[in-house]
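The values are calculated or read from the model by the stated rules, or taken from the named source; none is laboratory data. What you are looking at is a predicted structure, and each value in this text was computed from that prediction instead of being measured. Counting neighbours? That spans all protein chains shown, and the Cβs are built from the backbone with ideal geometry, glycine included. Note: areas computed on protein heavy atoms with side chains; ligands, DNA, RNA excluded. Shrake-Rupley method; radii C 1.70, N 1.55, O 1.52, S 1.80 Å.
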Amino acid sequence: MNLVQYLKKHPFSFFLRMLVYVSAVITVTVLVFLIGYILYKGVPSLTLPGIFDWKFTSKNMSMTPAIINTVLMTVLSLLMAVPIGVFAAIYLVEYSKKGNKLVKLIRVTAETLSGIPSIVYGLFGFIVFVITLGWSYTLLSGAITLSIMILPLIMRTTEEALMAVPDSFREGSFGLGAGRLRTVFHIIVPSAMPGILSGVILAIGRIVGESAALIFTAGTNPVVPDSVFSSVSTLSVHMYALMTEGLYVDQAYAVAVVLLVVVILINALSAALARKLTKK
């Protein structure tokens, strides 16, 4: 069948195929242009050691404190959100009764929270942690706010990963005499680990790229924190501050390069880890 005959017989299928090709070309083009433009503008401003000095000053515009703060913010947020999200998903899938109205309400609530803009979480954290509890702009306020923000994402992705595990795994484990607890943590969770890890990686990406919520809760202070009650600035917030001042646009592009590299490394490492877990 030649092209003309195929077009006459399957015109809609051909249209959809062309649409997919055009979408793929546009997506790749935009990605390449975006990465190329950021590298072109930012790489020349990556001066050593200046922009990577330990202490931030108005002369060097160092991003080292912001890098450290980003790592600390990510670790603290994950430490609070991942256990709660994973265990909540395990309960919803493995222990709750099917058709439970409370479970349906929790799932709808989680999906709704996933769609709320991050600035709303920032205002919530500002009212609760900064003003009501009197913590002011601190690392802890930002971390708790981000953990609340990523909790629905982790819970829903973990839940989907657990539900994707075949019931035959559960039945086989029960048939061999294993209890529910042993079945869940020795059979189900390891099988669902790639999916759970994907949710955690998505959460990390959201934390690293977040700025709106942190401006209202963690502040914009580019220093290495002495404690969790210190005001800090992450990479995304640091880039925003440099860009809005209008005097350090080149340095803002340099921060964007580092942020881009961090995101790419996180995605590459997560993909490699997911493949390794899948093989096991």
Can you pull out the residues in segment 23-61 that are of a type outside the set (A, V, I, L, M, F, W, C) and either outside any loop (DSSP other than H, G, I, E, B) or under 17 Å from residue 261 (Cα atoms) (or both)? 23, 27, 29, 36, 37, 40, 41, 42, 44, 45, 47, 50
Any residue that is over 20 Å from residue 225 (Cα atoms) and not small (Gly, Ala, Ser) - is there at least one of those in segment 66-83? yes
Filtering segment 162-175 down to residues that are part of a helix (DSSP H, G or I) and open to solvent by 40 Å² or more (accessible area, probe 1.4 Å), which residue is farthest from residue 94 (Cα to Cα)? 175
Condition broken by residue 203, with the remaining ones in (1) outside any helix (DSSP H, G or I); (2) open to solvent by less than 10 Å² (accessible area, probe 1.4 Å) satisfied: (1)
The condition of being aliphatic (A, V, I, L, M), touching a Lys or Arg at 6+ places or on another chain (Cβ under 8 Å) and in contact (Cβ under 8 Å) with a residue 12 or more places away in the chain holds, among 188, 201, 196, only for 188
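What tally of residues in segment 129-146 results from selecting those that are small (Gly, Ala, Ser), open to solvent by 10 Å² or more (accessible area, probe 1.4 Å) and either in a helix (DSSP H, G or I) or free of Cβ contacts under 8 Å to residues at least 24 places away in the same chain (or both)?
To start, the set of residues in segment 129-146 that are small (Gly, Ala, Ser) comprises 134, 136, 141-143.
Checking the rest, the ones that are also open to solvent by 10 Å² or more (accessible area, probe 1.4 Å) come to 134, 136.
When the remaining residues are screened for being either in a helix (DSSP H, G or I) or free of Cβ contacts under 8 Å to residues at least 24 places away in the same chain (or both), the result is 134.
So the count comes out to 1.
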Are any of the residues in segment 34-51 at pLDDT below 80, surrounded by fewer than 11 Cβ atoms within 10 Å (Cβ to Cβ) and not charged (D, E, K, R)? yes
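Hey, among 219, 177, which residue is touching a helix residue (DSSP H, G or I) at 6+ places or on another chain (Cβ under 9 Å) and at positive phi?
Just a single option satisfies the conditions, and that option is 219.
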Regarding residue 178, is this residue modelled with pLDDT under 85, open to solvent by less than 40 Å² (accessible area, probe 1.4 Å) and either farther than 30 Å from residue 57 by Cβ or in a helix (DSSP H, G or I) (or both)? yes
Filtering segment 113-128 down to residues that are of a type in the set (Gly, Ala, Ser) and without any contact (Cβ under 8 Å) to a residue 40 or more places away in the chain yields 115
So residue 189 clears everything in (1) of a type outside the set (D, E, K, R); (2) more than 17 Å from the chain's Cα centre (by Cα); (3) open to solvent by 30 Å² or more (accessible area, probe 1.4 Å) except one condition, right? Which one? (3)
Answer yes or no: is there a residue in segment 184-200 that is closer than 26 Å to residue 65 by Cβ and either at pLDDT 85 or above or among the aliphatic types (A, V, I, L, M) (or both). yes
Mind telling me which of the residues 156, 107 ends up being surrounded by 14 or more Cβ atoms within 10 Å (Cβ to Cβ), closer than 27 Å to residue 72 by Cα and among the charged types (D, E, K, R)? 156
Could you check how many residues of segment 155-196 are among the basic types (Lys, Arg) and under 22 Å from residue 269 (Cβ atoms)? 0
